[in-house]
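Enquirer: Quick one: this structure, given as structure tokens, is what I'll be asking you about.
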Amino acid sequence: MREVKPCPYCGGKVMLVCKRMGPLTEAALEGNHNQEDFELFEAYVCCEDCDDLEESELTEEDLFMPEVENWEGALRVWWIPQVPGTPMYYPVKGVEQAKFTLRLLSEYDLFQFENNIKPDYSNAGGLEVDLKGTGDWECWYDEAERDIDELMEEDDS
């Protein structure tokens, strides 16, 4: 299953709502039915926190994260723009791209704060690796056992 991006307008949780219609039977009233018994009546996306998505012309590409192939050594950046919150994930091809992505996200959050787009923020991010190609992600460390934060701090000094 593909991960859904946060709402591009407010950062809230995006939901796909599917309304189905079907025969009103005793089994259906008791909840004993299959989805196949019902035809799709209406489907739309909405945000848990705002109404902006309902009138937008966003595409599937706008709403879903790119699919990440699970292969040994795959890397992805995780980012939470407002802690506590749900992390978003973005696949990267290497450590340099991860550092660039994390700096970009950090600068974007700072820009929003400094320009009164959001009143405050507490963000967090990092780099994960799928060591075995199984979809079990864990914190990435280099051969000297430094994580991405330590590498970026070294770059800044």
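Each reported figure results from applying straightforward, stated rules to the coordinates on display, with no laboratory input. Just so it is clear, the model here is predicted, and its values are computed rather than measured. Methodologically, a virtual Cβ is constructed for each residue, glycine included, from the backbone with ideal geometry; neighbour enumeration extends over all protein chains shown.
Enquirer: What number of residues within region 83-100 are surrounded by 16 or more Cβ atoms within 10 Å (Cβ to Cβ) and under 23 Å from Asp120 (Cβ atoms)?
Expert: Result for region 83-100: 3.
Enquirer: Moving on to the next point. Suppose we keep only residues that are in contact with an Asp or Glu (Cβ under 7 Å, 6 or more places away or on another chain) and without any contact (Cβ under 8 Å) to a residue 24 or more places away in the chain within region 114-157. Which one would you say is surrounded by the most Cβ atoms within 10 Å (Cβ to Cβ)?
Expert: Tyr141
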